[in-house]
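Structure first, commentary second.
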Amino acid sequence: MVIPVLFFAAALTVKQDQTPLRSGCDAADETLASLPSGTPVEVRFRLADGSDCFKISATIDGKSVVGYLPASALAGVNQFDKDHASAPSVDTIQALKPVEAETKSLVARAVDPTIGRAADLIEANQPAQALAILEPTLRRYPKNPDVLLVAGLAAYRADQLRIALDYWKQSLDLAPNEALSRLYAKVSREKENDRSAETLYGMRFALRYEGETLPAETARAIVAVLDDEFNRVAGQIGCRTDERIVAIVQSREAYLRTTGAAEWSGGQYDGRIHIALTDGNLGAETRRKLAHELVHACLTNLGRSWPAWLQEGLAQKMSGDVLSAGTREQLKKLAETHQIPRLENLGQNWSRLSTDNARVAYSLALAAAEALYDNYSNYGLRNILNNPQTLQQITADLDKKLGF
């Protein structure tokens, strides 16, 4: 079933009549147009230079105009942040998926059983261990493209980009691989543009950040938040980490440049946590994004493949998101007319969804997570995750309770 295009999020609109749309963010910049109160705007991007300014497009008298507005001139900014902060990337994550899938399939033809063990470790978010056990295999089979591919994937997930690119280059020289070529190009761009050279180590996290834009004091506070949030999330999910989880915090411009994410994206998880710092320091929105991506890391560390609705639903629920009454009512009406899919039909890869369809998918996932908490609190989330065979029946039950 095709997910209908809906606008669940509050649209950004102009607050006051005769609001000047300018050629830049400074009050002295040229006024391009005057916008009436209530004018809807489409966000091109948000600056993270301290000005809290949006580049937007709007339609005035049938003509499209593009310019800059301060956040203070717009209504709906808080909801906009919540809706877009952890949307999926359509770039590096999309390029990773076919290579990760190929890694699983090549285990069957592996020249050495170590490859299978390494693939399992990568899937369980233990890439450094995977790389360590592959090093003797690389010495035995230095010209095997499969071994080199898996070693590169382990190095990438361990945040050793230079080593990953070296292994992948050798693999491609030996055996052309279209999916790996695309990933190689994406990661090459990431390495070229990434200026996050400072690293700070916590109990469970390795934080890489831009020393020029993130004060050391804020970096230390982020590590502390990550450790605290991991304790909270792990207490509910039952996950653990045998290796430090890599978290990369960057300015918004650097985040977009290195990840290739859509302009509205503020966080993603590809085996490493990526966060765009949009509130200038460790504010509530950054904390929410850290918690959201940490839930993904925690679920991955359980070493199982979870349905997308559970991954995204729990990430939203456990980072503090709440489904609005209006969205809940819209979901109910759509369910009554059979215009939305069942949870199991949402699919695994949401990166190709349009922005509007992604909003629907995320809303469905959050509704399901809330219903899961409401109806299975006695059974316990950890018990459900420890017994994944029960998920099929639980999913069907949640569909009924949600009216799907």
| task | State which residue is modelled with the highest pLDDT when the search covers only the stretch 37-62 and only residues that are surrounded by 14 or more Cβ atoms within 10 Å (Cβ to Cβ) and in a loop (DSSP other than H, G, I, E, B). | result | Thr39
| Any chance the stretch 241-264 includes a residue that's among the basic types (Lys, Arg), open to solvent by less than 60 Å² (accessible area, probe 1.4 Å) and either farther than 19 Å from Asn301 by Cα or modelled with pLDDT of 85 or more (or both)? | yes
| Only one residue in His292, His296 is in a helix (DSSP H, G or I), buried (at least 24 other Cβ atoms within 10 Å of the Cβ) and modelled with pLDDT of 90 or more, so which one is that? | His292
| request: Determine the pairs where a residue that is closer than 26 Å to Thr390 by Cα, located within the stretch 323-346, has a partner that is open to solvent by 80 Å² or more (accessible area, probe 1.4 Å) with Cβ atoms under 7 Å apart, the partner being 6 or more residues away or on another chain. | output: Pro341/Met1; Asn345/Met1
| What residue, among those in the stretch 272-287 that are more than 12 Å from the chain's Cα centre (by Cα) and touching a residue at least 12 places away in the same chain (Cβ under 8 Å), is most open to solvent (accessible area, probe 1.4 Å)? | Arg287
| field | Test result for Ala87, modelled with pLDDT under 80 and either polar (S, T, N, Q) or part of a loop (DSSP other than H, G, I, E, B) (or both) | value | yes
| request: Kindly check whether there is at least one residue in the stretch 335-348 that is open to solvent by 30 Å² or more (accessible area, probe 1.4 Å), of a type in the set (S, T, N, Q), at pLDDT 85 or above and part of a helix (DSSP H, G or I). | output: no
| query | Among the residues of the stretch 124-133, is there at least one that is surrounded by fewer than 19 Cβ atoms within 10 Å (Cβ to Cβ) and modelled with pLDDT under 90? | reply | yes
| message | When the residues of the stretch 299-322 are narrowed to those that are among the hydroxyl-bearing types (Ser, Thr, Tyr) and closer than 22 Å to Ala128 by Cβ, which ends up surrounded by the fewest Cβ atoms within 10 Å (Cβ to Cβ)? | response | Ser305
| query | Considering only the stretch 140-182, how many residues are modelled with pLDDT of 95 or more and among the β-branched types (Val, Ile, Thr)? | reply | 1
| said: Suppose the filter is under 28 Å from Leu153 (Cβ atoms) and in a strand (DSSP E or B); does Ala247 pass it? | reply: yes
| message | Against the conditions (1) surrounded by fewer than 20 Cβ atoms within 10 Å (Cβ to Cβ); (2) closer than 19 Å to Ser319 by Cα, where does Glu210 fall short? Just the number, please. | response | (2)
| Can you name every residue in the stretch 177-198 that is farther than 16 Å from Ile163 by Cβ, of a type in the set (Ser, Thr, Tyr) and surrounded by fewer than 17 Cβ atoms within 10 Å (Cβ to Cβ)? | Ser181
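The values are calculated or read from the model by the stated rules, or taken from the named source; none is laboratory data. Keep in mind the model is a prediction, meaning the values are calculated, not measured. Note that we place each Cβ from the backbone using ideal geometry, even for glycine, and neighbour counts take in every protein chain shown. These area figures cover heavy atoms from the full protein model, side chains too; ligands, DNA and RNA do not enter into them. Shrake-Rupley method; radii C 1.70, N 1.55, O 1.52, S 1.80 Å.
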